[in-house]
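Everything below concerns the one structure shown next.
None of the figures in this text is laboratory data; all of them are computed from the coordinates on show. Predicted model only: the values in this text are computed from it and were never measured. Cβ: placed from backbone, ideal geometry, glycine included. Neighbour counts: every protein chain shown.
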Amino acid sequence: MMKAIAGAALGAALTMGAAAQGQLRPIEDFIAPPSVTNVNLSPSGRYFTAVTLVDNQRVLAVFDSEALDVAPVGIGIDSVWFQWVAWASDERLLVNVYDGLHIRYTTYHAYIEQQFRTIAFDRDGTNMVTLFDGVDNDGRRSSARDRNIGSLTDILRNDPQHVLMPGVRGDDVDLFRVNIYTGAAERIERGRTRTLGWVTDSDGVPVLRIDTNRNVSLLRYYSRRRGSSRWSHLMTVRERDRREFWPVAAGDNPGEVYAIARPNDAQRAGVYMYNVDSEAFGAPIATHPRVDIQSALIHSESGRYLGAAFVDDRLEYDFVDPELAAHFDGLDGFFGPQANIRVRGSNEAGTRLLLHVTSPQDAGSYNLYDVEDARVTRIADINPALAEFGAQVEVVRYPARDGASITAYLTLPDAPAGSPPPLVVMPHGGPEVRDQLGFDLYAQFLASRGYAVLQPNFRGSSGYGMSFMHAGRREWGGLVQNDITDGVQHLINLGRVDAERICIFGASFGGYAALAGAAFTPERYQCAIGLAGAYGLEEFLEWQRSTHGNASEEYAYWQEVIGRPNADRERLRAASPSRHAANITIPVLLIHGETDDIVPASQSVLMQNALRAAGREVRYISVEGVGHSYWASQHEARAMREIELFLARHIGGRTGPEPAYMRLAAIDEGVPPWLAREDKDD
């Protein structure tokens, strides 16, 4: 049910200032949910939306940028979570909401699905309709609540009455033309049970279909020539390797699609035009000599290519328009040389941009940029408590022992002159992802406690081309670990950190690297922290095989990355920290979510048992009811508190106030389930 919310409260929610500056920020500041989401610009650029929290209810606010001092329109929808917001026109909005789970039955299976609905209404909240309501579902009339409708394929700017959206019909996901004023839907394309969606060209014609497998680890692309009714298989790529081929926008002409791709085994991803009629890529539109292209900027109305986005250290753009490039040079000067300025939308005329801006010292804000008068209007801070807060971050490039150049990011705390700070080495997860110059929550949290933080992009990291990424495969505990260790030694040689106060901490693959550092270079560290890491590589591979199947994509991928259980058995054992627990002479903290389905909690149990059998010091926190990532705030706070206490005990940093939820739990003497099982023996 929708209802109006007081405009004054909305304005206060968006303009609320930062929390009082203290010497040590409480953990609550770091884990606060975003104060604003779903900021979107209308086609004219005059209006924008923002979802914010008012009186514990998420509310969609509609602002008039020409009257920001006037209370916005506020629209609340009971008992839902806003997934996305889109402008169909300046007068009509589309809102996708999540309202729980439901069970869908087929002949042989019952599926538990997330339930999404899409609602359309006028800018003032009137004339609401639920899309797909009353659509026939293979002979049975149904409501939109029966449908898992979670995405938008095409706004159809040339047809203001309709949009294209996927929806479930029977057991399949089909494509529908949906009337945004009545909610009526007409099926125009048939999909399959595991269809994810479609890509349309400049005429709004579906030219690509994307299917997946049971675990959504593969993306299967099908293309169709214009005028044909037959879909043909184009390629299959791993979801984690999506830059092999990732459509980003309709091209300038019918039958064309801009894509981020690596055709012909290119080393680095670039921007290409794919033509469905010729089934071929054109010449590269944009590439970078050092790193992958991340995305492309395409004008939504004209289909005109504006430029490419890439991350060398921070987010940058290569614009084809010199005038636009000059504007971004000015924005760099305004926001600072380390700012990541992401274009989140523009008006049809291209005279107003919506910018999402972060930097190492700022958790992020949304800003309007008026091109004609080069004016920036800051409209909302994402986390007001951490706005313009963070410690300084440096780019560090150091030589690995074999001469390769490694890039890392060093976050520096306020420390007394002449007194090098203790260091936390924080290798990233993945491992085939990368860190970049930006606001890193854990790095800033640790810096606020007095630690320098080193984040190396070791070999095996993505973003630097295929050869750099593949160089880390089957090198866990070897080349990859050497790159991390060499970064620590580089800082010691420069006198930047205290060599006698160093801890290694990471999550997922970073958790593995932390325990590998403790096992294979125990003289270098004073403690180690592993969060949701894999520590026994043979056992991890067997879990992948038994969970996903011997012929599964997941099992094949991990054999490529880690090794094969038979051919590489000795190397797997040599690289497993759990088999070298006796080498570990430093205290260890392990944290793992009990329902983790990416790296099973049994890996931390295995590591704990090995350490205890070797008579080593270990503390294991098992967190009930959480998985591999995206923990709720109370669980994240629990982990952060354990980490800051552990580090302070062993390398001498500072600790902040105990999180309020922990004090309340002690007063009530009621132990929450996520605190109930510490230091488990099995």
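A few points about this structure:
- Two-decimal log10 I(q)/I(0) for the chain, as the Debye equation yields it once each C-alpha is a single scatterer, q = 0.07 Å⁻¹: -0.51
- Per residue, the average separation of C-alpha pairs within less than 8 Å and at least 6 apart gives region 343-393 a relative contact order of 31 percent.
- Distance from region 557-608 to region 285-363 (C-alpha centre basis), Å: 40 Å
- Seen against the Cα atoms of the chain and their longest principal axis, helix 479-494 is set at about 70 degrees.
- Calculation over all alpha carbon pairs of region 427-475 in 10 angstrom steps from 0 returns a P(r) of 26, 44, 23, 6 percent.
- Simple point charges give the picture: +1 on the Cβ of Lys and Arg, -1 on the Cβ of Asp and Glu, and for the chain a dipole about the Cα centre of about 1400 debye.
- Normalising the Debye intensity of region 305-393 to I(0), with uniform scatterers on Cα atoms only, and taking log10 at q = 0.20, 0.22 Å⁻¹ returns -0.98, -1.17.
- Going from the residue with the fewest nearby Cβ atoms within 10 Å to the one with the most, 476, 87, 543, 81 rank 81, 543, 87, 476.
- Helical content of the chain, expressed as a calculated mean residue ellipticity at 222 nm, amounts to -6000 deg cm²/dmol (DSSP H runs of 4 or more residues, -39,500 (n - 2.57) each, divided by residue number, nearest 500).
- Taking label points 7 Å from Cα along the Cα-to-Cβ direction, residue 564 and residue 470 give a separation of 1.7 nm.
- On Cα atoms only, tilt of 322-335 relative to the major axis of the chain in degrees: 50 degrees
- Stokes-Einstein translational diffusion, region 234-331 - Kirkwood Rh over all Cα pairs, 1.306 mPa s, 10 °C, in µm²/s: 113 µm²/s
- A convex hull fitted around the alpha carbon atoms of region 145-303 yields 122 Å³ per residue.
- Take every pair of alpha-carbon atoms less than 8 Å apart whose residues are at least six positions apart; their mean separation over the length of the chain yields a relative contact order of 8 percent.
- Dipole of the chain [Lys/Arg +1, Asp/Glu -1 at C-beta], most positive-end residue of 70, 43, 629: 629
- Note on the chain: dipole from Cβ charges, positive end direction compared against 236, 555, 510; the farthest Cα belongs to 555.
- Nearest-20 debye value, region 458-500 charge dipole, Cβ charges on Lys, Arg, Asp, Glu: 260 debye
- 3J(HN,Hα) along region 594-603, derived from phi through the Karplus expression 6.51 cos²θ - 1.76 cosθ + 1.60 where θ = phi - 60°, amounts to 5, 9, 4, 10, 9, 10, x, 4, 4, 5 Hz, with x in place of Gly and Pro.
- Projecting label points 7 angstrom from Cα along Cα→Cβ for residue 253 and residue 181 puts them 3.6 nm apart.
- For region 472-494 versus region 620-657, the gap between their alpha-carbon centres in whole angstrom: 26 Å
- Cα-only Debye scattering, region 192-278: base-10 log of I(q)/I(0) at q = 0.13, 0.17 Å⁻¹: -0.39, -0.68
- Stretchable slack from residue 68 to residue 499, in nm (0.36 nm times residue separation minus alpha-carbon distance): 149.8 nm
- Label-point gap, in nm, between residue 128 and residue 24 - each point 7 angstrom along Cα→Cβ: 4.6 nm
- Segment residue 216-residue 90, length gained on full extension (0.36 nm per residue, minus Cα span): 41.8 nm
- Volume of the convex hull of region 439-592 (Cα atoms only), normalised per residue: 132 Å³.
- 527, 503 arranged by Cβ crowding within 10 Å, fewest neighbours leading: 527, 503
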